[in-house]
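Comments concern the structure below.
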Amino acid sequence: MTEIFNFTPTKKSKNFTVNIRLNKNFSRTEKEFFELLLFNFDLTSAYISLDSKDLMKILNLDTDAKLQDFLLKITDKKVIYSITEEDTVVYSGSFSPVASYFQKKEKIYILTAEELKMFLTEENIFSHFNFKKFIFMEKNLSLILYNHLNNILPGATLSVTIAELKELFELDDSYTRTYDFEKHILKKVVKNINKYTDLEVKYEKSPHTGSVINFNFKSTYRENIFEKTREIMDTIKSKIINYENVYNLIINYLEKRGHSYVHNNISYINSLKDIRNFDAYLRKALLYDLYSSSLKNVKSESKFISFFEKYHVYKNSVTLQNDLYKYINSILYITSSLEELYSFEVINEIKNLEDGSFFNYKNDDFEIFVEFSQHKSSSIQLLIREDLI
């Protein structure tokens, strides 16, 4: 049956426009679940198998009844799409990403739509028109900018006025203040492109006039993927059991999720003690994104509350470190244990953070997370014990 979706591109198809909407918006948890499915397909299998306890932990659900309710709601979600040429509809349809599910003891078996699987194969309308790249995007405007920048490749820069951007987005009469346009539209659009596509995009406002946006971008598709795999393998080779299997696993996730995702999860499990089967735990960490889950779990602990968060683009990790310690200096009155951050080891580790890497430190009074990104916003998150504030 899938042959009906076969597609051979022509000169005419370059003018086609893709439109996607959902019958019900994805919640953040549902979006994370669909990402989990999409990035962990085995095209040779009819289903995806997940451990129910692990899934409940990832989705932050505390009972099996809540998991059942979540899965029932998921099966109601539909993707509705059309591909048009000017005002003429060339293709249209809809599908439910999750066709059905089956639970057997501790295992959940998810049967997905054939359309979702075709995102990952070639020569069909879903793969050709990059459904995978934007189905989870929060804004269709992200797709508009992505296509615009992608058409410029192999060029790597674009200077455009805010008025031209608003025209491209069909927002001519909206967001009269540049600040509002940047906060509510531009930052979110760029964040979506960096997260879901093979383009790495950063922008800055012209120092001469705030009405001009300068974009720098590049395709990261398979960028030095084998070199990066070998670098990662060097950090864990003393712990792994089956070198070939782990090597192929890392290549697979570098292609699907990118270097930052893989690096963060490996750094996370490297920080854990007493892992008996490193290979199995690594597979689990990459499947469920245990690094991100660890951040959520810390935030949800009742004795700690979020005290400070900052997201900013830093030129290098030294600049980030200087900015962080200016703030720490101003809050040392809260607890003397913050002085532990002034040890040589801690300062040196933050100062030497590489692109896509993170630092975590925790004691009884506070926990701090620092993630450094060279071309995107880095993040600083500080949690303080509730009774100290």
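The values are calculated or read from the model by the stated rules, or taken from the named source; none is laboratory data. Just so it is clear, the structure is predicted and the values come from calculations on it, not from any experiment. Every residue, glycine as well, gets a Cβ built from its backbone with ideal geometry; the counts of neighbours run over all protein chains shown. Ligands, DNA and RNA are stripped out before the accessible areas are found, and what is left, the full protein with its side chains, is counted by its heavy atoms. Shrake-Rupley method; radii C 1.70, N 1.55, O 1.52, S 1.80 Å.
Please identify the pairs in which a residue from the range 264-277 that is modelled with pLDDT of 85 or more has its Cβ atom under 6 Å from the Cβ atom of a residue that is open to solvent by 50 Å² or more (accessible area, probe 1.4 Å), counting only partners at least 6 apart or on another chain.
What qualifies is Ile269/Tyr281.
Can you go through Lys273, Lys284 and tell me which one is farther than 30 Å from Val160 by Cα and either among the hydrophobic types (A, V, I, L, M, F, W, C) or not in a helix (DSSP H, G or I) (or both)?
Unique residue meeting the criteria: Lys273.
Go through the range 3-25 residue by residue and tally those that are out of contact with any strand residue (DSSP E or B) (no Cβ under 7 Å at 6 or more places or on another chain) and open to solvent by less than 30 Å² (accessible area, probe 1.4 Å).
Within the range 3-25, residues that are out of contact with any strand residue (DSSP E or B) (no Cβ under 7 Å at 6 or more places or on another chain) and open to solvent by less than 30 Å² (accessible area, probe 1.4 Å) number 1.
For the range 110-143: of the residues being more than 11 Å from Asn6 (Cβ to Cβ) and of a type in the set (Asp, Glu), which is modelled with the lowest pLDDT?
The selected residue is Glu138.
Pick out, from the range 289-389, the strands (runs of 3 or more DSSP E) lying fully within it that include 1 or more residues that are in contact with a Phe, Trp or Tyr (Cβ under 6 Å, 6 or more places away or on another chain).
By residue number, 357-362, 366-372, 378-385.
Please give the number of the condition Ala46 fails out of (1) among the aliphatic types (A, V, I, L, M); (2) open to solvent by less than 20 Å² (accessible area, probe 1.4 Å); (3) under 25 Å from Phe7 (Cβ atoms).
(2)
Kindly establish whether Val246 is of a type outside the set (Ser, Thr, Tyr), in a helix (DSSP H, G or I) and at pLDDT 85 or above.
yes
So, Ile389, is that one in contact (Cβ under 8 Å) with a residue 24 or more places away in the chain and either crowded, with 17+ Cβ neighbours inside 10 Å or aromatic (Phe, Trp, Tyr) (or both) or not?
No, not satisfied.
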